[in-house]
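Here the structure comes first, spelled out in structure tokens, and everything after it is commentary.
The values are calculated or read from the model by the stated rules, or taken from the named source; none is laboratory data. All of these numbers come straight from a predicted model, not from anything done at the bench. Positions of Cβ are generated from backbone atoms using ideal geometry, with glycine treated the same way; all protein chains shown enter the neighbour counts. Surface accessibility is based on the protein's heavy atoms, side chains included, excluding ligands, DNA and RNA. Shrake-Rupley method; radii C 1.70, N 1.55, O 1.52, S 1.80 Å.
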Amino acid sequence: MVLEASMIIVDNSESSRNGDYVPSRWEAQADAVNLIFSAKTAANPESSVGLMSMGGNTPEILTTLTTDIGKILDGLHRTKIKGSSHFTTGINVAALALKHRQNKSQKQRIIVFTCSPIEEDEKELVKLSKRMKKNAINIDIISFGELGEETTRKLEKFSEACQSTEGSHLAFIQPSSNLLSDSLVTTPILGGDGSAGDAGAGGAGGEGGDAGGGSFEFGVDPSVDPELALALRMSYEEEKARQEKDKKAKESAEGKSELEQIAEGDEKQPLLDDQGQPSGSGNKDKKDKDDPDKMDTA
């Protein structure tokens, strides 16, 4: 089980008011933060998690590294949605908080939620990413919402530059009827296999490590917390079942549209002929009379 100190950065910019995630982007983040904290501390009771925001006028540390979920929830409750996000500054502040962790044997990880455009240019982001890698800080990015091609490309370049043996991951999670936390379970960030597919989860560098979860599925030891392990497994199975159902429905709809384009051979032939007999029966009788090979059984 990996001993880690993790700083979670939430995006509390104005973009987090959007309701394309259930019940809103901000509430979806809060639910996912709770899940990540439980997974990290269940994987190793000595692991600690901190919380900070990167929206508003400037990033703010909401909760220093702790093992108390109550402090994390209090930090989320005190957070106000305002302003724009400060991606680079937020990561720098989180790295500083990790540097001053009490237990120096803890490995360092930053988990960033982002649902708003990134203003910094690509070169600046790559430079920051390489500096984080040099300081042995792994970074997981959870991108959700319609961010556009430019922001997506910036995140991909950032994630590529900070890859290490411990594993840094990038997950794109598209809006759906499911909770953000349910989709997050299937990503390498929480020890999933990254097979979220249509849900939009894509891991960058997913093979580089185990997302801090040790060798246990979803980063949780079932013998330590069987209820959490079961809940994670159920969420994962429900997400896979939903994707399979959507896939079959899509294939069925495509197959039906193809069949509708094929006209039946006798589609225009009336059901009854002029004498009120089933159409085609007269031709059949005539054929039977004219058939010289037919045996006379009279």
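List of remarks:
- Modelled spin labels at GLU244 and ASN34, positioned 7 Å past Cα toward Cβ, are 2.9 nm from each other.
- Label-point separation in nm, GLU150 to THR67, each point 7 Å along Cα→Cβ: 4.6
- On a per residue basis, segment 4-186 carries 41 Å² of accessible surface, using protein heavy atoms and a 1.4 Å probe.
- Cα gyration tensor shape for segment 15-78, rounded if a/c is under 1.5, else prolate or oblate: oblate
- Prolate/oblate/rounded call for segment 43-126, Cα gyration tensor, a/c under 1.5 rounded: oblate
- Extension gain, HIS100 back to THR58 (0.36 nm per residue minus Cα-Cα distance, nm): 13.1 nm
- Cα shape, segment 4-186, gyration tensor, a/c 1.5 rule: rounded
- Note on THR89 and ASP121: the model spin-label points, each 7 Å out from Cα along the C-beta direction, lie 2.0 nm apart.
- When the pairs LYS82/LYS157; LYS71/LYS157; LYS40/LYS157; LYS40/LYS133; LYS107/LYS157; LYS71/LYS104 are compared against a 31 Å limit on Cα-Cα distance, LYS71/LYS157 fall above it.
- Fraction of accessible area attributable to carbon and sulfur, segment 4-186 (%, probe 1.4 Å): 49
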